[in-house]
Structure formats: structure tokens, C-alpha cells
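Here is the structure we will look at.
Read-outs throughout are calculated quantities, based only on the coordinates presented, and are distinct from any laboratory measurement. Just so it is clear, the structure is predicted and the values come from calculations on it, not from any experiment. Glycine gets a Cβ as well: all are built from the backbone with ideal geometry, and neighbour counts include every protein chain shown.
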Amino acid sequence: MRIIAGTHRGTTLADVGKGDASAHLRPTSDRVRESLFNVLQGGRLGDPISGARVLDLFAGTGALGLEALSRGAAHVTFVDSGRVAQKLIKDNIAKLGRQTDSTVVATDARKLPAGALCDLIFLDPPYGQNLGLPALQAAQAKGWIAPDALIVWEENQPQIAPAGFQKLDQRRYGDTWITVMRHAP
């Protein structure tokens, strides 16, 4: 696993092998991450990354948020309840020297504390456990989602945009579905 583009392009991140099933770690593959960021920065959505405040829910290794930092995001808040994931995220932040523009919140994504508005939200819950919608609702209720924020939801099934969100794009990569939505309160 490596950073695909930006200031940290080519940097290898902490290795989790094939993931950690007990910790629900299933890193987004380099290929899917590259395709996702090509969609985000392909022009149709403007430039949702440069200068953005990012919330990375179910952050795992932190690869999505770190890719955003490498491409110009201003700050990323990584949220994960797993100890293994928290260590991987902290190790990867240190490896890239991004401690000043990163925060790690050790909590269940469905039980977020109050937060700062974010422009881009990555939502990558463990597949098939129906955790995405409650986490999205918690982020909205606790003030993390800015008006017009983009939400990138990765799951093993296509997702329907809930009330208050508009689906902009949906793509399948093998067993992974990426749904891009805009917060439209």
C-alpha cells in the first residue's frame, strides 16, 4: 500500500498484509484508491481536496485521509475504534510527518463527539454490517458535515443516498462499490 500522488507520492504505508479480520481492517486497494481520487479530481466535482477539512470514518490504516493530505487537504480527522487501526494510523502519520495537520479520534464512528465542519468525508465501514448509515447520521448530528460536503462511501453493495444527501456518482470495482454524494440540507 502506497500513496498514489501528491507530495508523498510513492511512499509506502505500514503493511497490514491482507488486512486484520479481527480488527475489521480491509485496506482500500491502491487501484481503487487511485480510481476514486481520479473521480474526485476529474473536474466534474471541482477540486474537493485542495484546502479541504477531511473526516475519515472507519479510517483503518488512514490511507484515504493520508492520500487527501498528500494531494493538498488542509486537515484530516481520522476516526477508528480499533487499537490496531489507531496504531497503524499514527505510524503512517508519523512516517509522512503530518502530525500538525492530522487528528486521531479513538472512538466508534457511530458515537462521534461534537466536531468541526468538514468538506470531504470518507466513509469506509466494515462490509455488510450496516454501520455506514448510523455513522453518517452521527457525523451529521454532531456537526462534522459542512453544507455541500462530499461524502465518499465505500461498501460491498451500492448505497442509496439518505435524506439530506444527493447521489452524484456510483462505481463498482470488483466487490467494492464507491458512492459519491453531496450533502444537500
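Full-extension gain between Leu117 and Thr7, please, as 0.36 nm times their residue separation minus the C-alpha to C-alpha distance.
37.1 nm
Describe numerically, in nm with one decimal, the distance between label points set 7 Å from Cα along Cα→Cβ at Arg44 and at Ala106.
Inter-label distance under the simple model: 4.1 nm.
Output wanted: per-residue J couplings in Hz (rounded whole) for the stretch 163-177, from phi through Karplus 6.51 cos²θ - 1.76 cosθ + 1.60, θ = phi - 60°, x for Gly and Pro.
So the J values, rounded to whole Hz, are 3, x, 9, 10, 6, 10, 7, 8, 9, 10, 10, x, 8, 10, 10.
Cut-off 10 angstrom, C-alpha nodes, Gaussian network model of the chain. Which of Gly72, Gly164, Gly132 fluctuates the most?
Most flexible of the set in this elastic network: Gly164.
Pick from Ala109, Ala63, Ala14: which residue has the top mean-square fluctuation in a GNM of the chain where Cα pairs under 10 Å get a spring?
Maximum fluctuation in the GNM of the chain, among the listed residues, is at Ala14.
Sort Ile93, Ile151 by Cβ crowding within 10 Å, fewest neighbours at the top.
Numbers: Ile93 22, Ile151 28.
Taking fewest neighbouring Cβ atoms as first place, the list is Ile93, Ile151.
Express in % the proportion of alpha carbon pairs of the stretch 21-183 at distances exceeding 24 Å. Spell out each step's value before the answer.
Working: 3245 of 13203 pairs.
Of all Cα-Cα distances in the stretch 21-183, 25 percent exceed 24 Å.
Once you put a point 7 Å from the Cα of Gln170 and another 7 Å from the Cα of Tyr127, both along the Cβ direction, what distance in nm separates them?
1.8
Once you charge only the Cβ atoms, +1 for Lys and Arg and -1 for Asp and Glu, what is the size of the charge dipole of the chain about its Cα centre, to the nearest 20 debye?
Details: 21 positive and 18 negative charges, 19 e Å.
Charge dipole of the chain: 80 debye, to the nearest 20.
Taking only DSSP H segments of four or more residues, each worth -39500 (n - 2.57), what value at 222 nm results for the chain once the sum is divided by all its residues, to the nearest 500 deg cm²/dmol? The partial results should precede the final answer.
Numbers: 4 runs with 43 residues, N = 185.
After summing the helix terms and dividing by the residues of the chain, the value is -7000 deg cm²/dmol.
Using θ = phi - 60° and the Karplus form 6.51 cos²θ - 1.76 cosθ + 1.60, what ³J(HN,Hα) does each residue of the stretch 138-148 get, whole Hz, x for Gly and Pro?
Computed from phi, the couplings for the stretch 138-148 are 5, 4, 5, 5, 9, x, 8, 9, 6, x, 6 Hz.
Treat each spin label as a single point 7 Å out from the Cα along the C-beta direction, and report the Lys95 to Ala74 distance in nm.
2.8
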